Amino acid sequence: MSLINIGFPDSNVSIIRVWFYIVKLKIWYTQVFCSGSLAGGMVFALPLLEIKGLKTYFYTLRGIVKAVDNVSLTLEKGETLGIVGESGCGKSTLAWSIIGLVPPPGKIVSGSIMIDGMDITRMSEGEIREKIRWKKVSMIFQGAMNALNPVYKIREQVAEPMLLAGYSEEKAFKRVDELLNSVGLTPAIADRYPHELSGGMKQRVVIAMALTLEPDIVIADEPTTALDVVVQSQILNLLKELQRKKKRSIIIISHDLGAVTELAEKIAVMYAGKIVEFGTAEQIFNNPLHPYTQALIRAIPRLTGPVTKLEYIPGAPPDLRFPPPGCRFAPRCNRVMDICHKEEPPLKELEKGHYAACHLYD
Amino acid sequence: MRWLVIKAVNLLIVLVAVTFIVAAMTSGPMAQIQINQYKQALQQQVKNQLGLTPQERMEWVNERLQTYIESQGLNKPWYILSLKYTIDLLKFTDLNSTTLTSMYWHQGSRKVLYIIGERIPFSILLFTTSSILTLLFALPLALYAARSPGGRVDNTVITWSVFGVSMPWWWLAMVFIYLFAYKWHIFAGPGAQTDWTNIVDVLRRMALPVITVTILSIGDSAFRMRNILLDTFNEDFVTVARAKGVPEHDVLMKHVLRAAAPPIVTIVLFSLVLSVVNGAIITELVFNWFGMGRLYWDAIESNDVPVLVELTYITTLLYLLTRFALDILYTYLDPRVKRA
Amino acid sequence: MPNLKHWKESFSTNSRIIWMSFSGKTGIILLILFLVMAGYVVAFYYPTITTEYAQGVTALWPYKYPVNAPPCWSVSNKFNQRIDIRYGDLNKTGIEKTLITVQGLFGPIKIEGYKTEYFYKFKYKSNAFPSDVLVSTAVRVGENVSFIKLYYTLDRPDGSRITFYDSTLQTGKITALYGAIERKGNNISVLPLGLTYISQSNRIYSFLMRSLQKLYANTSIIVNPIIDNELLFAKVVNGSKGETLVPLKGDYTINITAVFLPEKGVSPTSNRGSVNLTSFEWKFMPNCYGLFGTDNQARPIGLGLLLGVPFAFVIGFTVTFVSTFVGAIYGTLAGFWKDIRGEALMRVADIVNSLPFLPILIVLSYIFRQSITLMVLAGLMILLFWAGPVIVIRSAALQISEQLYVEAARASGAGASRIIFRHIFPQVLPYTIAIAVLSIPGIIVTEAGLALLGFGDPTAPTWGKMLQNAYNSQAILNGWWWTYLFPGLALVVFSATFLLLGRAIEPIVAPKLQK
Ligand SMILES: Nc1ncnc2c1ncn2[C@@H]1O[C@H](COP(=O)(O)OP(=O)(O)OP(=O)(O)O)[C@@H](O)[C@H]1O
Ligand code: SF4
Ligand SMILES: [Mg+2]
C-alpha cells in the first residue's frame, strides 16, 4: 500500500542524508588502461613478495574485464615499489589480489602470489585471514573517506586488528595512542567518530591503522588522491619516514608518476592490465623506454628547466573487455609500427634491471 | 536537548498543518451536523415549554438556534470554520457522534473520544504484534539474502516482496479467511463469537489477522533491508574490515549490521508504520476486528462525520508520533547526526 | 549535453539491458499482454458492455449465464446436459371439451367447459444438478372468459407431482406465472428468472412450497424458507453423511393445463374467449462456467477480468504520471532554488508527505461520494501523491545543479527556466519514470481498497469493484471463492508487472544521476 515509500525514504530532513546511503552508486572509472607483462625477478634470496603470471578478471554481465592480465612482479624486504598508470588500468585490482580480496564478480584466474613462501592463491579464505591479512600485508585503501566505519569511534577501529590478534584491551588502546602520535595526530581524536575528522586526518588514521600489527608489506593505494597539496606532501613524507625508520616494504600505487618517483626505488608502469615498463626510479625517470612512460613523463608539470607545453596522451585507453590485438598501446602510440598491431611485444630486459615491452627495441 | 526541541516543534507544525487540512475538508458537513444536533436538542426542550402555539415553538427554537450559530461562529466562511475545527481537534474538544455509540467504555456514550478510544488498544495490539513478528522474520531473511545476492534466499525475498507490495492485504485476508476459517476450521474467522473484553477470546481472533499482515509485510521489509545491507556490503569500510582479518561473522554483525542500522530504522520501520496505517483500515474491516480501521467503515456506513473526522485526526496523530519516535531512535543510532 | 543520438543509443542499449534481466523480461511480456487486452476491450466492449457489466443489469445477465457458477475445472460433477425448452417445442392438444366441477350453491356441480393442454417430456440424464433453471411462463386469459383454472405441474419419474400453480387467473390480461415482465412500448415480453431463491411474494411460491414439503415430508431435508431448484429434480439417499440429495434421473413431464369457460356466445377458439400460453421457456443452466465462473449477478468473472484491464491502466497511469510529473518539476525547483523559496517548497511537500494517505483519501472520497468517477478518484489521489518523489528528485537536482556545466550556464546568465528545462530536468527525467512505474502498484491497490469501501466509479468495472461485489455478497461465507480469487489475482499480476518493470529500470537510470 505504501506508494510514497517505494524505493526511497519518507520525508524527513535528516533522512536525505540516509538517501545517499541507500542509493549508494558505485562510480567506475572505466577510461584509462595500460598493458604489461613480465617484470624480472631477483635470482638470489627468496623475495618477500613474488607474483607470477597473475590474471584477475571481472566476470561482469557485459563481458569479462581483464583487469590484471599476466602480471609478474617481485618485491624485496625493505624495498619500495611504485605502480603507476592511468585510471582503470588495474592497479587497485592488483592490490586487492595481493590481499586476497578481489571484489565479486572478480576472480583470480591463474598465476601465483607468493608472500613469504606462502601462495595465497592456494590458501583458503580462513588461512589468508589468519596468516596474511594485516599480519603480513596491510593496505591503505583508495578513498580513505569511506574506509572508516561511520558508527564506530576511531579507537575501536584502529584497535580492532590488535584485539583480534589477542592483544589485551589496555595494550591495544595504548598502542593506538602511540600510532596516532606517530602519524602526527593527537591521541585525543581516538574518541571521535570518523565524520568529525578532516580528510587528511582520516587518511592519517588509515595509515596508523595499517601499521597496527607491523606487517612486512604495506600497500598504499593512491594514499593522496582527494587531498589538498599540502596534506598530500605531508602524507608522502609520512610514508617516506615509515619506509626509512621502520624498513617496511611499501607498494605505492598512484597515477602520479612524479609523486611515486620521490618515494619508490623501483617503479612498474601499468597500461591496460599489463606491466609495460619496470625499472629503478632513476631508470624510469631519466631513461624512459616505453612510449607510454615517455608520454606520462611529458605530462608531469615541471618546476625547473625550460617551460614546455604540458602534454597529454591523446585518445582513450582500450576497453578491457576487448583489448586490441598486438600492443595494447598501439592505438595511442606516436611511434606505432605495423608489427605493433599484430604481435604483442614481450617484456624484455634492455638494461640491467630495466624492462620494457615495446617493439621499438626488438 | 536543543535538537529534540527543534524536532518537537517541527512535529507540531506538521501536526497543525495536517489537522487543518483534515478540518478544512470536513468543515462544511461538520457545521451542518453541529447545527442539526443542537436543533434536535432544542426541539426536545421546546416540548417542556407549555402553552406555546406551534408557531411560537418554531420561533422559540429558531431564535435560540440563531444565537447558537452566531455564538459558535457556524455561519462564518469556511476558513474560519476550518480554523475553529482545527483548534477543536487539537484540543480534543468533545464531539458527539450522530449515530454510533461506544460499546465498552462508558457504554452507550455518544462521545466520539470514547468511541474511538475503546478501539485504539485493539488496533495497536494487532499491528504492533505483526510489526514485531515481521521484523523478527525479515531481518534474518534479509541478512541471508544480502550475503549471497542472487542466491535462493535472495530470490525468495525478491519474489516475496513483489507480492507483498502488489497484493492488497485485505484480499489475502479474504482468501485466508476462506481457507483457514471456513474450509479447514483452523482459526477463528471474522464471524466468530468474540467477547472483546476477554483476552483469550481476543487472542484467538487475532491469529489469522496477524498471520496475514505479517506474511505480507515480511516481503517488503526484507527486500528493503536487503537493499540497504547490500549497499553496506559494498562500502569500503567493509572491505577494510575484511582486510583487517575480521572474521566474516563479525564483519556481518559488527560492521555491516551496525552501520546499516540507522537506515534500516528509518526506511524499513517508517515504511512498516506507513503500510500498517494504510493497510490496517480495510484489513480490519475484512477481519471484522474491533479496531480503528473497522470504525472507519462503521462511520462511513452510518454517515457519522464527527467520528470520521476525529478518527482521521487520531490516526494521523498516532502515525506522526510513531515517526517522531523513530526519528529520535535514528539520531541515537547514527553518530553523524548532530545531537548538540 | 544529452542529444538525440545519445538518447537513441542509450535507449537501445537500455532496453536491451532491461530485456536481459528476468524481471524486465517478465514485466515487458506481461505489459504487452495487458496492453493488447486493454486495446481489445476499448475496441469491442467500450462503453456499452463495460457500463452494463459495472452496473450489473440484473435482468439481462442471468439470462445468458448461470448465477454463482464456479469455474468448470473445479467442478468434477458437471451438469453436462443441454435442456432448453422453448415455446415451439411444446406439445399442444388444442381445445377440447371437458367437464368442470364448480362449487355450486348446493354442492359441486359439473358444467361442460373447455380445456387446453401444453406438455413437454424431457429426460434428465445428468449426475449433477443444474446451477439454476430459468423459467418464463405467461398466460393470456381472454376478456370474455367467465371461468378459468390453470394447472402448472411437473411430473417426476418416481410418480410424484410438483405443482407450480393451481388456481384461477385474472381475465383480459397477460399474467406472468413466472418470470420478469418487461414492457417496451406496446410489446410485452417475459424474461426468464431462476428458480432459486424464489421470493415469497411470487405467484408460485406457496404452491411450490406445499408440494415440496409434501415430497420431502419424511426426510431431514428442510425446504423452508429458500426454495432451491435442486429440490425439483432430487431424490434423497442415505449415505455416510446422512441424508443427501442426488439427482433423480428419468423422464419428467411439464404440464400446463387450462380449464376454462367462455361467456355465452363467445367462441372458445376466439382470442377473447380462450386461454393461451403466450410465452414459455425452461432453460437448465450449467453448474459451472468457463475458466473463471460467474458471480451472484450472473456476470462472467473472466469477462470482468478482461474489462478491468483498461480501467486499471487509466487509473494507474493518470495518477502516477501526473503526480510524478508534478513532483518532478516541484522537486527540481526546490533543488534549484537554494534559498528560502526552496526551503518553503520542501516544507509544503513535507507536510503532504506526512499525511497518512488512505485515511485522508477515505475522508475525501466520502465528501465526494455522490459524484465519484474514475477521474475524480484519480484527482484525489494526485492531490495526495504528488509529493512522494519530491525529496528524491530534489536531491538529484541538487547534485546536478552543482555540476560544472550547470554552474557555467548559470554564470553565463542563462535563465532559471532554461537551466531547469535544458540541464536539470532532462537528467532527472529517466529516474522520474522509474519512480512513476514503481508507484503504479500502490495506486492500483489503493483504488481497489477504496472500491471495497464503496467509493468506486459506478460505470467502471474495475477489479476492485468485483472484489467489493464479492465481499458484499458474502462470497467468503458462501464459498464462492472464484468471485474474489481471480479479480485479486488479476490485480496482483497487473501491479507486479509494473513493479518488475520498475525494478528493471531503476538500476539503469539511477547511476545516471551520479555521473
Ligand atoms: N567490481 C568490479 N566489477 C567489474 N569490473 C570492475 C570491478 N572493479 C574494477 N573493475 C574493472 O577493472 C578495471 C581495473 O579497475 P581498477 O580499480 O583496478 O583500476 P585502477 O587502476 O585502480 O584505477 P584508479 O586509478 O581509478 O583507481 C577497470 O576497467 C574496472 O572497470
Ligand atoms: S611502438 Fe609499438 S610496441 Fe612500442 S608502445 Fe608503441 S605501439 Fe606499442
Ligand atoms: Mg584504484
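Look at where the Cα atoms of segment C:145-172 and of segment B:249-328 average out, and the two centres are 64 Å apart. Here the protein assembly as shown has an Rg and Dmax of 41.5, 149 Å, counting Cα atoms alone. Using only atoms on other chains, find how many Cβ atoms lie within 10 Å of each Cβ of peptide C:386-395 and report the average. Per-residue shielding by partner chains comes out at 4. Under 5 Å between amide hydrogens, built in the peptide plane, is the criterion, and for C:Thr278 it picks out C:Ala138, C:Val139, C:Arg140 among residues at least 5 positions away or on other chains. Segment B:133-184 and segment A:153-206 have their alpha-carbon centroids 44 Å apart.
Where nothing but the Cβ of Lys and Arg (+1) and of Asp and Glu (-1) is charged, how large is the charge dipole of segment B:2-90 around its Cα centre, in debye to the nearest 20? Mind dumping the intermediate values first?
Numbers: 8 positive and 5 negative charges, 73 e Å.
About 360 debye.
With only Cα atoms counted, chain C has Rg and Dmax values of 33.6, 120 Å.
Among the trypsin sites (Lys or Arg not before Pro) in segment C:20-107, which ones are in a DSSP loop with at most 10 other Cβ atoms within 10 Å of the Cβ? Mind listing them?
Working: sites: C:Lys25, C:Lys64, C:Lys78, C:Arg82, C:Arg86, C:Lys92, C:Lys97; in loops: C:Lys78, C:Arg82.
Answer in residue order: C:Arg82.
Per the Kirkwood treatment, what hydrodynamic radius in Å, one decimal, follows for segment B:80-138 from the mean inverse distance over all distinct Cα pairs? Write out the running numbers ahead of the final one.
On the way: mean 1/r = 0.0733 Å⁻¹.
Radius from the Kirkwood sum: 13.6 Å.
Legend: residue pairs C:Lys97/C:Lys235; A:Lys246/B:Lys254; A:Lys171/A:Lys245; B:Lys7/B:Lys244, Cα-Cα distance threshold 28 Å; pairs beyond threshold, C:Lys97/C:Lys235; A:Lys246/B:Lys254; B:Lys7/B:Lys244. In terms of its Cα atoms, segment C:7-56 spans 47, 23, 13 Å along the principal axes, sorted from long to short. Of the whole protein surface, B:Tyr38 contributes about 80 Å² of accessible area at a 1.4 Å probe radius.
When you filter the trypsin sites (Lys or Arg not before Pro) in segment C:153-254 for DSSP loop state and at most 12 other Cβ atoms inside 10 Å of their Cβ, you are left with C:Lys241.
For C:Ala128, the residues whose modelled amide H falls within less than 5 Å of its own, excluding neighbours fewer than 5 places apart on the same chain, are C:Asn80. Can you tell me which lysines have their Cα less than 21 Å from the Cα of C:Lys184? Leave out same-chain residues fewer than eight positions away. Filter leaves C:Lys64, C:Lys173.
Scalar couplings 3J(HN,Hα) for segment B:172-182, obtained by applying the Karplus form with A = 6.51, B = -1.76, C = 1.60 to θ = phi - 60°, are 4, 4, 4, 4, 5, 4, 4, 6, 7, 9, 8 Hz; x denotes Gly and Pro.
For chain B, which longest stretch is free of loop sites, where a loop site is one of the trypsin sites (Lys or Arg not before Pro) that DSSP puts outside H, G, I, E and B and that has at most 16 other Cβ atoms within 10 Å? Value returned for the longest uninterrupted segment is B:92-335.
Across peptide C:444-455, the mean count of Cβ atoms from other chains lying within 10 Å of each residue's own Cβ comes to 5.
P(r) tail, segment B:188-304: Cα-Cα pairs separated by more than 22 Å, 54% of all pairs. Principal axis extents of the C-alpha atoms in segment B:118-333 (largest first, rounded to whole Å): 65, 40, 30. For the protein assembly as shown, the 222 nm mean residue ellipticity estimated from helices alone, with every DSSP H stretch of n ≥ 4 adding -39500 (n - 2.57) and the total spread over all residues, rounds to -15500 deg cm²/dmol.
Legend: mean number of C-beta atoms from other chains within 10 angstrom of residue C-beta atoms, peptide A:209-218, equals 1.
Distance from the Cα centroid of segment C:398-450 to that of segment B:45-105 is 50 Å (rounded to whole angstrom).
A straight Cα-to-Cα reach below 15 Å connects A:Lys247 with the aspartates and glutamates A:Glu76, A:Glu79, A:Glu214, A:Asp216, A:Glu265, residues fewer than 8 places away in its own chain not being considered.
The HN-Hα couplings worked out from phi for segment A:127-132 by the Karplus form 6.51 cos²θ - 1.76 cosθ + 1.60 (θ = phi - 60°) are 5, 4, 4, 6, 9, 9 Hz, whole numbers, x standing for Gly and Pro. Under 16 Å of direct C-alpha separation, and excluding same-chain neighbours fewer than eight residues apart, A:Lys55 reaches these lysines: A:Lys66, A:Lys91, A:Lys107, A:Lys274. Database remark: amide H of A:Arg321 closer than 5 angstrom to the amide H of A:Lys66 (H placed geometrically; neighbours at sequence offset of 5 or more, or on other chains; Pro and chain starts carry no H).
The charge dipole of chain B, taken about its Cα centre with unit charges on the Cβ of Lys, Arg, Asp and Glu (plus for the first two, minus for the last two), comes to roughly 660 debye. Out of segment C:394-456, which GluC sites (Glu not before Pro) are coil in DSSP terms and have no more than 12 other C-beta atoms within 10 Å? Answer in residue order: C:Glu402.
Taking every Cα-Cα distance in segment B:2-90 and sorting them into 5 Å bins starting at zero, the pair-distance distribution P(r) comes out as 3, 13, 18, 15, 12, 11, 9, 7, 5, 3, 2, 1, 1, 0 percent. Dipole of segment C:346-478 computed with +1 at Lys/Arg Cβ and -1 at Asp/Glu Cβ about the Cα centre; of C:Ala408, C:Gly449, C:Tyr366, farthest Cα towards the positive end is C:Ala408. Ordered by 1.4 Å accessible area with all protein chains kept, C:Tyr114, A:Tyr312, C:Tyr197 run largest first as A:Tyr312, C:Tyr197, C:Tyr114. P(r) tail, segment C:76-285: Cα-Cα pairs separated by more than 21 Å, 57% of all pairs. Each Lys and Arg contributes +1 and each Asp and Glu -1, all at the Cβ; summed about the Cα centre of the protein assembly as shown, the dipole is approximately 1240 debye.
The values are calculated or read from the model by the stated rules, or taken from the named source; none is laboratory data. It should be emphasised that the depicted structure is a prediction, and the values quoted were computed from it without experimental measurement. Because the Cβ atoms are built from the backbone with ideal geometry, glycine has one as well, and the counts that use them run over all protein chains shown. Only protein heavy atoms, including side chains, enter the accessible area calculation; ligands, DNA and RNA are left aside. Shrake-Rupley method; radii C 1.70, N 1.55, O 1.52, S 1.80 Å.
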